[in-house]
Every structure is written in C-alpha cells, then in structure tokens.
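The values are calculated or read from the model by the stated rules, or taken from the named source; none is laboratory data. This is a predicted model, so every value here is computed, not measured. Glycine also receives a Cβ, built like all others from the backbone with ideal geometry; neighbour counts cover every protein chain displayed. Each accessible area value is taken on the protein alone, full model and side chains, heavy atoms only, with ligands, DNA and RNA left out. Shrake-Rupley method; radii C 1.70, N 1.55, O 1.52, S 1.80 Å.
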Amino acid sequence: MQIPHEVTARPDTGLYNAKLGIWLFLASEVMLFGGLFSGYIFLRLGAEPGYWPHGLLNVPVGTFNTAVLILSSVTVVLAWASLKMRQFSRYKLYMGITILCGILFLVVKLAYEYPQKFTHFGVFIKKDALGKYEQYLGNQHLAALKLDPRVEISGHLLDAPKGSHYEKVAQENAEHFRHLLHEGGAEHGEHGEAPIVTTDDPNDYVIQLDPANANPTDPANERPSFWAKPQTMKTAVVQAADIDGPHPSMYIPRHSPYFAVYFTITGLHGLHVLGGVLIFIYFWGPGTELYRRNPEHFTNRIEVVGLFWHFVDLVWIFVFPLFYLL
Amino acid sequence: MSDSKEHSHDTHAAVTTDAASHDAHNMHFGLYWGIGGVLIALTGVTVWLSYFDFGSRERNIVIAMLVATFKVSLVGAIFMHLKGEKPTIWRFLYFTAFFVTGLFLLTALHWVDPIFGTQHNLH
C-alpha cells in the first residue's frame, strides 16, 4: 500500500511527509545544540581571567575545514538541483564531491586536529605559586598591558612522575627531544645552557615549552596569531605540588572546561558529519535504484538529506569562531 | 487513494516539474555557487576581524556572531530554501526559536541566582 503524500505534497501544508519530518527533526537538533552552546556560554562566562584559552587551536586548519563544509553545502544543493532537472550524471558528480568533502573534513579532524590535542600537555599553576614560574608566565608584563594573566604552562611532556599515566609517553618524547638536541648541537650547551630533559625528582614534570611560555614577554605572544608557531627547544620543570587540580593531563576533555565543551560539541558535530556522509554514500550507490523507479521520490530524499547537511554546516559556522577565534 | 492513481499523479507531477522548472534550476546553479563564494569570503572576514581589537572581548564576540548570523541566514534562506518556504515550516521555526531562547535565558538565570560552589560565585 502506498503511503499518502510520500512523494507529492499535502494540499493544505504544501509539504510531503519527509520534509515535514526533517524539519521537526531539525527543530529537535536546534534544541540539542542549543543546550550545548548554552553550556558553553555558562562555562565561558564563569571562567576566571586567564582560564579560558585564546588562540589554542590551529586557525588555518579550522578555516580550511570551514571552507570544505561550505563547498559541500554548495555541491549538495547542486546535486538536488541536478535531479530536479533530471540530470542524473551531474547529480552523481556533485554528490560524489559532497561525499569527498565530508570525508576530508573528518580526516582533518580525526587524523590531524584531535591527535595533536591528545599529545599536548598543559598544567594550571596554583595561584600562590604563579610567582615562582614568572619566567614562563610573564604575568607582570601582561598586567602592565592590562591583559589577562597566564596561568598555564604547556607543551610536550618530557618527564612525568614515576608511575604516572604519562610516564611512557614522556619517555618517548624525551628520546625524540634528545635526538633534536643532538641534531642541533645543543646537547652540550654550545648554543647556551642545555635544556633539562629529565629530573631525578619523582614528583616533577618537565615540559618542552610552547612559544608563549618560552618567551612570555615577546609582544608576538600577547595575542593569538593566525599561523601556528613551532614548538621551542626550551623546557621548564614544574613541581607536582604547584599544579592546580588533581589530574594534570593532555588536552583531553578532563583537562579544562574549554576542552570538555570543545570535544563535546565538535565530537557531536563530527558524528553528524559521519551520519550525513554514510547517508550520502547510500544515495550515491545502492539508493539510486529508487531514482529509476520514481525520480521525484528520489529527488525528495536528496532534498531532505541536503537539509540535514545544511544544518550541520550551519552549526559549524558558529563553532568555528567560538572555539578557534574568540 | 489507489496505488496506480498515486503513481500516475506522481509521474505527472514530475513531468510538469521537469518542464517548468528546468531553466529556473539551471539559473540557480550560478546563485548557489555565488552564495558559496560569499560564505567562504565571509569566513575570511571573520578570521580577519578576530585579529582586530574592537575595545573589549565582548565587542569582538558580538561582531563575530553578527557575521556568523548573517552567514547562517544565507545558508537558511538560499540553500535550505527558507526564502519562500511554506508557512508550516516557518511555524516550526517560530516555536523552535521561542524554546531555544527560553533555554538560553535559563542559562542566563545564573547571573541572578548563582549555583553555589561555581567559580562564578567568587566574582
């Protein structure tokens, strides 16, 4: 039995079933992401000065991924328009490009951006110990400029306390760091004092510093920059007793409210991208059988999945400035 | 409605759609590419603006959100065809806007009724 208004519009609403359904679904999606963005606002407004990072994410990569999603939004609407004109081969081309864009977005996110965070270490310093690490934080300089204080020391972990979760990773990083020192001829201090790589104290962390901590008074580090700066060859020793919080960690959700909300929102968004790509692949391959039976029905399906994809793009348009730029 | 009747209606609808809207859709190809170009350019503008200091971080956020809202309006109006969409869809959107605004206002309540123990209370 044919379900009424599966293909043709209902006269009173002017909508076919799936279109009505997808808009109701998108309304629920607005509430879902609305709740998460609302959580973002709560955490951000509640963060004390210095505790909400700026310029931590790779802006060129984020910009590239934004452009990729916008391109995919264009191609998916072109795929639908091609079907409206009954140009099936053109539809296949545009839908193919959309699929490639979706996969590219996910690859950049999962194979490049996320792994970089999972291997980047940072510790928040206790308020009463900030002065002890002034050479890495430069807070007197920032205070003179009326800028937010720096409360975190971050970079690559070279030495972690014995028995710590990160002990093995730190050993591998230290080995790589020593290799770099050897290549640069700095292991014996030819170019100044040789950096500390490991310590005998089982409670110390040794961190290969990010540029902002290596040169905290450099004006170039006062504000975020567009291009990511390379890791420095300077290191810092941080005592476990000076660290704020019980579980120092890589840039994973538990590291800070920023990363908790970053991974939640971008992770959920990534799942939406994955879902969209899988549906596109179906409608690019086996699902095209419907086109031969009923082209208008197939066109409607593409319009509906296209609406979902535009919503995914729309969410990213807000995610990009909120996490990468501001 | 019988199967054959529905099918014949669909085929007829498809044929008329084909004939009437072929040129219109072809013309839209240029519009879609154009809007895509504008959206990518506005992404560049958002990045560019983020390196300017408009006096306070709040102002920078408001300006970036204005650009983002304009971009979202373009996606909604052109790509999602909300421009000229049926009233039923708009009714859904009005309700959604109402409830999502309520959701954001609930979050804003913490300014007047802070949750005990959060960092925000310390200010």
Failed item, numbered, when A:Gly245 is tested on (1) under 30 Å from A:Pro195 (Cβ atoms); (2) part of a helix (DSSP H, G or I); (3) within 14 Å of chain B (Cβ to nearest Cβ): (2)
Residue count for segment A:300-326, restricted to those that are in contact with a Leu (Cβ under 8 Å, 6 or more places away or on another chain) and more than 9 Å from every other protein chain (Cβ to nearest Cβ): 6
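Regarding segment A:85-96, can at least one residue be identified that is among the charged types (D, E, K, R) and either farther than 30 Å from B:His28 by Cβ or outside the structural domain of A:Thr299 (by TED's automatic domain parsing) (or both)?
First, pick out the residues of segment A:85-96 that are among the charged types (D, E, K, R): A:86, A:90, A:92.
Applying the additional criterion that residues be either farther than 30 Å from B:His28 by Cβ or outside the structural domain of A:Thr299 (by TED's automatic domain parsing) (or both) yields none.
Looking for residues that are among the charged types (D, E, K, R) and either farther than 30 Å from B:His28 by Cβ or outside the structural domain of A:Thr299 (by TED's automatic domain parsing) (or both), one finds none in segment A:85-96, hence no.
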Which numbered condition A:Lys92 fails, given (1) within 30 Å of the chain's Cα centre (by Cα); (2) surrounded by fewer than 19 Cβ atoms within 10 Å (Cβ to Cβ): (1)
Lone unmet requirement of (1) within 23 Å of A:Pro248 (Cα to Cα); (2) touching a residue at least 60 places away in the same chain (Cβ under 8 Å); (3) in the same structural domain as A:Gly276 (by TED's automatic domain parsing) for A:Lys127: (3)
Of all residues making up segment A:238-273, the number that are in contact (Cβ under 8 Å) with a residue 24 or more places away in the chain and open to solvent by 60 Å² or more (accessible area, probe 1.4 Å): 5
Test: residue in segment A:94-102 that is part of a helix (DSSP H, G or I) and within 30 Å of A:Pro219 (Cβ to Cβ): no
Filter result for A:Leu32 (under 18 Å from A:Val273 (Cα atoms) and open to solvent by less than 10 Å² (accessible area, probe 1.4 Å)): no
When residues of segment A:223-236 are limited to those that are farther than 21 Å from A:Asp148 by Cβ and open to solvent by less than 40 Å² (accessible area, probe 1.4 Å), the one farthest from the other protein chains (Cβ to nearest Cβ): A:Thr235
Segment A:126-169, residues that are open to solvent by 50 Å² or more (accessible area, probe 1.4 Å), under 19 Å from A:Pro202 (Cα atoms) and not in a helix (DSSP H, G or I): A:His156, A:Lys162, A:Gly163, A:His165
Number of positions in segment A:58-67 that are open to solvent by less than 10 Å² (accessible area, probe 1.4 Å) and either among the aromatic types (Phe, Trp, Tyr) or more than 8 Å from chain B (Cβ to nearest Cβ) (or both): 2
Of all residues making up segment B:35-74, the number that are within 15 Å of the chain's Cα centre (by Cα) and among the charged types (D, E, K, R): 1
Set A:Asp218, A:Asp201, A:Asp210: member being open to solvent by less than 70 Å² (accessible area, probe 1.4 Å), more than 27 Å from A:Asn58 (Cα to Cα) and either without any contact (Cβ under 8 Å) to a residue 60 or more places away in the chain or within 30 Å of the chain's Cα centre (by Cα) (or both): A:Asp201
